[in-house]
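The values are calculated or read from the model by the stated rules, or taken from the named source; none is laboratory data. These numbers were taken from a predicted model, which means no experiment stands behind them. Note: ideal-geometry Cβ built from the backbone for every residue, glycine included; neighbour counts use all protein chains shown.
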Amino acid sequence: MRKHLHTTAEPVYARQQQPSPKLGEFQVTLQAWLNTEQHLPRAQRRTAQRLFEGLQVEGYRGAYDSVQRFVKQWKSVKNGPTTTQAFVPLVFASGDACQFDWSHEHVEIDGVPQTIKVAHFRLAYSRQMFVAAYPRETQEMVFDAHNRAFAFFGGVPQRIIYDNLKAVVEAILVGKERRFNRRFMAMANHYLFEPVACTPASGWEKGQIENQVGNVREWLFTPMARFASFAALNDWLALRCRELSQREHPTERTQSIAEHFAREQPLLRAFSATFDGYLEQMLRASSTCLVRVDRNRYSVPAE
């Protein structure tokens, strides 16, 4: 700077490589991790942040930026240059919208490794999230997930944004027109919220929840979570959602997500009773007192 203050020529920034003196001795470890994890499924690979935290355990005292640059350079050499799409960020009013999505995760329940479904909710204004785990993705579980989420939030937003999942949308018509599932609409009318279905293959219309799916997989399900039952897993997930809300808000850096949620919560619509999401159907009992439900047989009283 002192040199260029005494000249009229335009300064030229000539440095071609960012030095990383503190990362130097840890580069071998970091590269070994990257080489090992490139053969794992994408969901099980650590991000630059998780690699940085791992290096801190090994004794690294440098900055995260050095690790991030190293990982980015390693990926560019390995995969070649990539193009990035640009999007206009969406802005939501307080109490207005919530986004919903499913993800599949790998956990161990009562000693048995299995793939489960996780329901994700995210209030678009405050970024407060809620997740709940289920063995499958049936309509009854969609209803139960909404009951749990509204109880966790202490109210109902005006709109909820969905993919075109079958439990919600029966038919995709022209443009934004949809024919919603009648049973699902009964729940929407019970809680008085407006369902909104995204355009097919347009994940950016609910980009917050798409981003949350990847973050939750990294934060909560890597390495594999192990619990005795689904009840214990869901209790832990609700606790972690409250803990993660202490992080800083992504746009208002001076405040936490919890502080934003405290302002948004009074604007959510209150409800007095949860929706009963059971499905009722007439069944014939066999001569051995069994009924068949969802490809399973259950015994019933002989009388």
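Tell me yes or no: at least one residue of region 104-115 is among the hydroxyl-bearing types (Ser, Thr, Tyr), over 28 Å from GLU252 (Cβ atoms) and either in a helix (DSSP H, G or I) or under 18 Å from the mean Cα position of the chain (by Cα) (or both).
Yes, region 104-115 contains a residue that is among the hydroxyl-bearing types (Ser, Thr, Tyr), over 28 Å from GLU252 (Cβ atoms) and either in a helix (DSSP H, G or I) or under 18 Å from the mean Cα position of the chain (by Cα) (or both).
Is region 143-155 home to any residue that is farther than 21 Å from ALA238 by Cα and part of a helix (DSSP H, G or I)?
no
Across region 269-301, what is the total count of residues that are on the phi > 0 side of the Ramachandran plot and surrounded by 10 or more Cβ atoms within 10 Å (Cβ to Cβ)?
Of the residues in region 269-301, 1 are on the phi > 0 side of the Ramachandran plot and surrounded by 10 or more Cβ atoms within 10 Å (Cβ to Cβ).
Condition test on ARG159, is it closer than 19 Å to GLN208 by Cβ, buried (at least 18 other Cβ atoms within 10 Å of the Cβ) and in the same structural domain as PRO223 (by TED's automatic domain parsing)?
No: the conditions fail for ARG159.
Which condition does PHE121 not pass, out of (1) among the aromatic types (Phe, Trp, Tyr); (2) assigned to a strand (DSSP E or B); (3) more than 29 Å from ILE257 (Cα to Cα), if it passes all the others?
(3)
From the set of residues in region 40-81 that are in a helix (DSSP H, G or I), at pLDDT 85 or above and among the small types (Gly, Ala, Ser), which is farthest from the chain's Cα centre (by Cα)?
Among residues in region 40-81 that are in a helix (DSSP H, G or I), at pLDDT 85 or above and among the small types (Gly, Ala, Ser), the one farthest from the chain's Cα centre (by Cα) is SER66.
Across region 126-136, which residue is surrounded by the most Cβ atoms within 10 Å (Cβ to Cβ) among those that are under 16 Å from the mean Cα position of the chain (by Cα) and not in a strand (DSSP E or B)?
If we take residues in region 126-136 being under 16 Å from the mean Cα position of the chain (by Cα) and not in a strand (DSSP E or B), then SER126 is surrounded by the most Cβ atoms within 10 Å (Cβ to Cβ).
Out of curiosity, is LEU283 assigned to a loop (DSSP other than H, G, I, E, B), in contact (Cβ under 8 Å) with a residue 24 or more places away in the chain and farther than 19 Å from PHE153 by Cβ?
Considered against the rule, which asks whether it is assigned to a loop (DSSP other than H, G, I, E, B), in contact (Cβ under 8 Å) with a residue 24 or more places away in the chain and farther than 19 Å from PHE153 by Cβ, LEU283 comes out as no.
Give the number of residues within region 37-59 that are under 11 Å from GLN27 (Cβ atoms) and in contact with an Asp or Glu (Cβ under 9 Å, 6 or more places away or on another chain).
0
Could you tell me which residue of region 221-243 is surrounded by the most Cβ atoms within 10 Å (Cβ to Cβ), considering only residues that are aliphatic (A, V, I, L, M) and at pLDDT 95 or above?
Per the stated criteria, the residue is LEU233.
Looking at GLU170, GLU177, which is the one that is touching a helix residue (DSSP H, G or I) at 6+ places or on another chain (Cβ under 9 Å), over 18 Å from LEU90 (Cα atoms) and exposed (fewer than 15 other Cβ atoms within 10 Å of the Cβ)?
Sole residue among the options that is touching a helix residue (DSSP H, G or I) at 6+ places or on another chain (Cβ under 9 Å), over 18 Å from LEU90 (Cα atoms) and exposed (fewer than 15 other Cβ atoms within 10 Å of the Cβ): GLU170.
State which residue is surrounded by the most Cβ atoms within 10 Å (Cβ to Cβ) when the search covers only region 245-264 and only residues that are touching a helix residue (DSSP H, G or I) at 6+ places or on another chain (Cβ under 7 Å) and touching a residue at least 24 places away in the same chain (Cβ under 8 Å).
Per the stated criteria, the residue is SER245.
With the requirement that a residue be part of a helix (DSSP H, G or I) and either of a type in the set (D, E, K, R) or closer than 12 Å to MET129 by Cβ (or both), what does region 261-274 give you?
PHE261, ARG263, GLU264
Please return the ranges of helices (runs of 4 or more DSSP H) entirely within region 167-260 where 1 or more residues are more than 16 Å from the chain's Cα centre (by Cα) and in the same structural domain as ALA124 (by TED's automatic domain parsing).
Output list reads 182-191, 230-244.
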